[in-house]
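Just below is one structure, and these are the notes that go with it.
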Amino acid sequence: MSSSTGTNGTTTVITNIATLVTNDPSLGDSPLGLVRDAAVVIEGERVVWTGESSKAPATDNRVDAGGRAVLPGFVDSHSHLVFAGDRTEEFNARMSGRGYTAGGIRTTVAATRAATDAELEANLTRFLSEALRQGTTTFETKSGYGLTVADEARALRLAAAHTDEVTYLGAHIVSPDYADDPAGYVALVTGEMLDACAPHARWIDVFCEKGAFDGDQARAILTAGKAKGLHPRIHANQLSYGPGVQLAVELDAASADHCTHLTDADVDALASGDTVATLLPGAEFSTRAEWPDARRLLDAGVTVALSTDCNPGSSFTSSVPFCIALAVRDMRMTPDEAVWSATAGGAAALRRTDVGRVAPGAYADLTLLDAPSHVHLAYRPGVPLVSGVWRRGVRVV
């Protein structure tokens, strides 16, 4: 068996898999491409074979899955992990029905600016290891808590040491330093700050919402990013109806994220374009907001991703399994749809085909559940079912 993708030519078979989620629809009658009593062969960093255990080729090493389920590592395509401090008091007040006016995102901006590089990186790696233990093998993360040229650039530089999926979100909110000059801040975000940040990022994002950036400002920011070689993503239609989703499709954004308040025209635009609708149920859970209607999007033929939105203000969870359970219980997704959206859907939101599936040529990013089926992720909410994780062919959990 040959492979030119890994420096290590050793082959390993994981066998005795009760249910294998491949996300290869050619293998079955569902998008999950389920294989029963399955095996996966890894060579170097890649998957080189999948199929029934009885047909697995000879390999150098053998791992017995013990009748458990294996699925692709989760692809968390939306997170905000470069920050300092937390907002416990704000959350406690919100959940206790008390008013709280201590600054929201601005609180995190102040703490992040005051933190050292070492403190920010320690925080980042802590959340990444937390996510990895829960099966996340690919993640996107954003800047957005610095809001100065130097602080945004260092956030991206720190993030880029840990993932290729780095997003410049200088346009998270108008910087407190520019409270009386939003146009000046847009000029900074599209000028000097963009120049400093573009070398460290793959994506550009903007929070298009009342109280943040309107449609014209968002278009200017994303267009400037495209001119610098960054591809758009957008925080769209989270708190209210607005132009974000339509703008995302118009600019061929990889994803429109949140998508809580959608008109029929918004749904039609998503269904007709290549922009993925990324749903973030941790945010609704943590703010007691209205749930996005995943069923409406799926029935219209929209590609849906599911992600954590891990951030200190509105969704402080790194657990994709928790988000899968929420999506099934409260967003009317089937267990199959939720698992697909958290793996292949997340990959689509990052325009990746080498992750989010278990198929020859894809990275060997695998999650082993202490359960016979992927359905248990929603069926047994809150239970730590992830018992093994492989990332690029190496068992890391």
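May I ask you to verify whether ALA378 is open to solvent by 10 Å² or more (accessible area, probe 1.4 Å), among the hydrophobic types (A, V, I, L, M, F, W, C) and over 30 Å from PRO232 (Cβ atoms)? Break it down stepwise before answering.
Values: open to solvent by 10 Å² or more (accessible area, probe 1.4 Å): yes; among the hydrophobic types (A, V, I, L, M, F, W, C): yes; over 30 Å from PRO232 (Cβ atoms): yes.
Here the answer is yes, as ALA378 does meet what is asked.
For ALA65, only one of the following conditions fails: (1) part of a loop (DSSP other than H, G, I, E, B); (2) modelled with pLDDT of 95 or more. What is its number?
The failed condition is (1).
Restricting to the stretch 337-386, and then to whatever is hydroxyl-bearing (Ser, Thr, Tyr) and touching a residue at least 24 places away in the same chain (Cβ under 8 Å), can you tell me which residue is nearest to ALA305 (Cα to Cα)?
First, the residues of the stretch 337-386 that are hydroxyl-bearing (Ser, Thr, Tyr): 341, 343, 353, 363, 367, 373, 379.
Subset that is touching a residue at least 24 places away in the same chain (Cβ under 8 Å): 341, 343, 363, 367, 373, 379.
Details: SER341: 4, THR343: 8, TYR363: 19, THR367: 18, SER373: 21, TYR379: 20 Å.
Only one residue fits best here, namely SER341.
(1) under 17 Å from the mean Cα position of the chain (by Cα); (2) at pLDDT below 95: which one isn't true of ALA289, the others all being true?
So the condition that ALA289 fails would be (1).
If only one of ARG329, ARG296 is open to solvent by 20 Å² or more (accessible area, probe 1.4 Å), closer than 28 Å to PHE91 by Cα and either outside any loop (DSSP other than H, G, I, E, B) or free of Cβ contacts under 8 Å to residues at least 24 places away in the same chain (or both), which one is it? If you could, list the steps in order and put the result at the bottom.
On the way: ARG296 fails: closer than 28 Å to PHE91 by Cα.
None of the other options fit; the residue is ARG329.
For residues that are open to solvent by 40 Å² or more (accessible area, probe 1.4 Å), touching a residue at least 12 places away in the same chain (Cβ under 8 Å) and of a type outside the set (Lys, Arg), tally how many sit in the stretch 182-219. Break it down into steps so the answer makes sense when it comes.
Of the residues in the stretch 182-219, the ones open to solvent by 40 Å² or more (accessible area, probe 1.4 Å) are 182-183, 187, 190, 192, 195, 199-200, 202, 210-211, 214, 216-217, 219.
Then drop every residue that is not touching a residue at least 12 places away in the same chain (Cβ under 8 Å), which leaves 182, 190, 192, 195, 200, 202, 210-211, 214, 217, 219.
Filter once more, keeping what is of a type outside the set (Lys, Arg): 182, 190, 192, 195, 200, 211, 214, 217.
Residues meeting the conditions: 8.
When the stretch 85-121 is examined, which residues are found to be hydrophobic (A, V, I, L, M, F, W, C) and either open to solvent by 30 Å² or more (accessible area, probe 1.4 Å) or free of Cβ contacts under 8 Å to residues at least 60 places away in the same chain (or both)?
Of all residues in the stretch 85-121, those hydrophobic (A, V, I, L, M, F, W, C) come to 91, 93, 95, 102, 105, 109-111, 114-115, 118, 120.
Those that are hydrophobic (A, V, I, L, M, F, W, C) and either open to solvent by 30 Å² or more (accessible area, probe 1.4 Å) or free of Cβ contacts under 8 Å to residues at least 60 places away in the same chain (or both): PHE91, ALA93, MET95, ALA102, ILE105, ALA110, ALA111, ALA114, ALA115, ALA118, LEU120.
Quick one: LEU222 ticks every box in (1) in contact with a helix residue (DSSP H, G or I) (Cβ under 7 Å, 6 or more places away or on another chain); (2) open to solvent by less than 20 Å² (accessible area, probe 1.4 Å) bar one, so which box is it?
(1)
For the stretch 197-268, which fully contained strands (runs of 3 or more DSSP E) count at least 1 residues that are at pLDDT 95 or above and within 18 Å of GLU152 (Cα to Cα)? Explain how you work it out, then say what you get.
On the way: elements: 203-208, 234-236, 255-258.
Qualifying strands (runs of 3 or more DSSP E): 203-208, 234-236.
Hey, can you tell me all the residues within the stretch 28-59 that are crowded, with 18+ Cβ neighbours inside 10 Å, aliphatic (A, V, I, L, M), free of Cβ contacts under 8 Å to residues at least 60 places away in the same chain and outside any strand (DSSP E or B)?
LEU34, ALA56
Would you tally the residues in the stretch 326-342 being over 16 Å from the mean Cα position of the chain (by Cα), among the hydrophobic types (A, V, I, L, M, F, W, C) and closer than 13 Å to GLU284 by Cα?
Total meeting the criteria: 1.
Would you pick out the residues in the stretch 133-170 that are within 20 Å of PRO232 (Cβ to Cβ), surrounded by fewer than 24 Cβ atoms within 10 Å (Cβ to Cβ) and among the hydroxyl-bearing types (Ser, Thr, Tyr)?
THR163 - this is the single residue of the stretch 133-170 that is within 20 Å of PRO232 (Cβ to Cβ), surrounded by fewer than 24 Cβ atoms within 10 Å (Cβ to Cβ) and among the hydroxyl-bearing types (Ser, Thr, Tyr).
Within the stretch 332-372, can you find the residues that are in a loop (DSSP other than H, G, I, E, B), open to solvent by 20 Å² or more (accessible area, probe 1.4 Å) and acidic (Asp, Glu)?
Taking the stretch 332-372 first, the residues in a loop (DSSP other than H, G, I, E, B) are 332-334, 350-362, 364-365, 370-372.
Okay, now just the ones that are also open to solvent by 20 Å² or more (accessible area, probe 1.4 Å), so 332, 334, 351-354, 357, 360-361, 370, 372.
If the condition is that a residue be in a loop (DSSP other than H, G, I, E, B), open to solvent by 20 Å² or more (accessible area, probe 1.4 Å) and acidic (Asp, Glu), then ASP354, ASP370 are the ones that fit.
Determine whether SER240 is hydroxyl-bearing (Ser, Thr, Tyr) and out of contact with any helix residue (DSSP H, G or I) (no Cβ under 9 Å at 6 or more places or on another chain).
Values: hydroxyl-bearing (Ser, Thr, Tyr): yes; out of contact with any helix residue (DSSP H, G or I) (no Cβ under 9 Å at 6 or more places or on another chain): yes.
Yes, satisfied.
Just to verify a result, which residue in the stretch 132-187, among those that are aromatic (Phe, Trp, Tyr) and part of a strand (DSSP E or B), is farthest from the chain's Cα centre (by Cα)?
Taking the stretch 132-187 and keeping what is aromatic (Phe, Trp, Tyr), we get 139, 145, 168, 178, 185.
Narrowing the set further to residues that are part of a strand (DSSP E or B) leaves 139, 168.
Details: PHE139: 5, TYR168: 15 Å.
Among those residues, the one meeting the criterion is TYR168.
Which number in (1) within 30 Å of ASP177 (Cα to Cα); (2) touching a helix residue (DSSP H, G or I) at 6+ places or on another chain (Cβ under 7 Å) marks the one condition that ILE105 misses?
So ILE105 meets the others, but not (2).
The values are calculated or read from the model by the stated rules, or taken from the named source; none is laboratory data. Here the structure is a predicted model, which means the values were calculated and not measured. Cβ atoms come from the backbone with ideal geometry, glycine included; neighbour counts cover every protein chain shown. Keep in mind that these areas ignore ligands, DNA and RNA; they rest on the heavy atoms of the full protein, side chains included. Shrake-Rupley method; radii C 1.70, N 1.55, O 1.52, S 1.80 Å.
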